[in-house]
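The values are calculated or read from the model by the stated rules, or taken from the named source; none is laboratory data. Remember, predicted model here, so these are calculated numbers, not experimental data. All Cβ positions, even for glycine, are placed from backbone atoms using ideal geometry, and neighbour counts span all protein chains on display. Remember, those area values only see protein heavy atoms, side chains included, never the ligands or the DNA or RNA. Shrake-Rupley method; radii C 1.70, N 1.55, O 1.52, S 1.80 Å.
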Amino acid sequence: MADHTKTNLVTLTRHVLSDQKKHADATGDLTLLLTSIQLGCKFVATSVRKAGLVHLTGLAGATNVQGEDVKKLDILSNEIFINALRSSGMSAILVSEEDEEAIFIEEGLQGKYCVVFDPLDGSSNIDAGVNVGTIFGIYRVKDEGGRPSLADVLRPGTEMIAAGYAQYGSSCNLVLTVDKTIHGYTLDSTIGEFILTHPDIRIPDRGSIYSVNEGNSMYWDEPCKTYFNSIKFPTQPNTKPYSARYIGSMVADIHRTLLYGGIFAYPGDSKSPKGKLRVLYECFPMAMIMENAGGKASTGHSRMLEYTPTHIHDRSPIFLGSKKDVEDIEALYRAAASK
Ligand code: P6P
């Protein structure tokens, strides 16, 4: 019989639907929500690619809740996602890095999901043509018949039901974890579909790459300094130092860590005790992705996903990647705490 497997284009939507069919209570709402997220990612992918041509880069003169200069693409990407998510009719609350307040979807268009997202993470790199990305996490509202409130999103990451990111670079990659599955897709822009290219992603138990902004190392605490020195200046015989790779765009650094192994870190330090990365739409989605790929994600002191945010723009120190590499730094923080 002819071999048809070579032309079996498994699209993201078809793949999610086939996974969702395993859940007797699945209504297809999550699949519809993910379709609106895919639309946002496709639009941003084309906008980022054209940015230099249509003068979308450069400052837009505004600043966001983080006090950071907002580039035009930030504004455009944020609006694209908000409109796509609102019109899906599947969301109740939206939390965006670009908006100080949470967005509560009006009654007529309200759904049962809460989406937290960074529409264009790493955007400070856009003018240099460095890869940027979108990061998102999804909660189901606690009470489908009740009135949505901030309590539906100020929850531990363990209660997220899905998370993912899209990376905009030479190609557009999307990594999605739903329940315990985790797969990677690549956008075929000629047909406008994300095609399954990385089924069942697993991160190596230990890597040989570290990814951290060493420009902050004078502010690090002792366990952090000890850990990074231990992999840069190994004392074990026949042990090579780790390689350093840091792009400064979280999605790009995480995607490499997920596929190659190693550790990514944005530690807290004496300058910024809570670090820089935001819990809801950077730390939690990446932590869920790493854990479901067999890796680990920690604040240094405890499991990242067990943290409960008190504000939608809370920040946290984070160390994530290969299980054994994260366990090494956790051991140093435990030892320091026991002194
Ligand atoms: P730093 C980009 O601004 C970002 O939010 C993440 O994408 C990235 O990991 C981090 O900040 C880089 O921060 O301080 O090293 O430039």
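What to note about this one:
- In the range 209-338, Cα pairs under 8 Å separated by at least six residues give a relative contact order of 28 percent.
- Each residue of the range 184-193 is assigned a 3J(HN,Hα), and the resulting list reads x, 10, 10, 6, 9, 5, 6, 10, x, 10 Hz, derived from the Karplus form 6.51 cos²θ - 1.76 cosθ + 1.60 (θ = phi - 60°), x at Gly and Pro.
- Whole-number percent relative contact order across the chain, with pairs defined as alpha carbons under 8 Å at least 6 apart: 15 percent
- Helix-only [θ]222 nm of the chain, DSSP H runs n ≥ 4, -39500 (n - 2.57) each, per residue, nearest 500: -9000 deg cm²/dmol
- Cα gyration tensor, the range 12-198 - rounded (a/c under 1.5), prolate or oblate: oblate
- Cα gyration tensor shape of the range 202-318, rounded if a/c is under 1.5, else prolate or oblate by comparing a/b with b/c: oblate
- Reachable lysines from residue 21, criterion Cα separation under 21 angstrom, eight or more residues apart if same chain: 112, 180
- Cα centroid separation - the range 278-313 against the range 130-144, whole Å: 13 Å
- Rounded percent of accessible protein surface that carbon and sulfur make up, the range 101-165, 1.4 Å probe: 46 percent
- Shape of the chain, Cα gyration tensor, a/c cut at 1.5: rounded
- The peptide list 121-130, 74-83, put in order of mean Cβ contacts within 10 Å with the highest first, becomes 74-83, 121-130.
- Here the Karplus curve 6.51 cos²θ - 1.76 cosθ + 1.60, taken at θ = phi - 60°, turns the phi angles of the range 333-338 into couplings of 5, 5, 4, 5, 6, 8 Hz, with x standing for Gly and Pro.
- Note on the chain: with a GNM built from Cα contacts shorter than 10 Å, the maximum mean-square fluctuation among 301, 183, 23 falls on 23.
- When the Cα positions of 114, 80, 258 are compared along the charge dipole of the chain, 258 comes out farthest toward the positive end, with charges on each C-beta of Lys, Arg, Asp and Glu.
- Probe 1.4 Å, protein heavy atoms only - accessible area per residue of the range 209-338 in square angstrom: 41 Å²
- For residue 72, the aspartates and glutamates whose Cα falls under 18 Å of its own Cα, not counting residues fewer than eight places away in the same chain, are 97, 98, 99, 100, 118, 121, 127.
- Ligands, DNA and RNA left out, the accessible area of the range 209-338 computed with a 1.4 Å probe is 52% carbon and sulfur.
- Part-to-part distance (alpha-carbon centres) for the range 1-45 and the range 180-218, which is given in Å: 19 Å
- In straight-distance terms, cross-link reach from residue 271 covers every one of the lysines whose alpha-carbon lies under 17 Å from its own, apart from those fewer than eight places away in the same chain; here that gives 225.
- Ordering of 226-238, 285-297 by burial proxy (mean other Cβ atoms within 10 Å per residue, highest first): 285-297, 226-238
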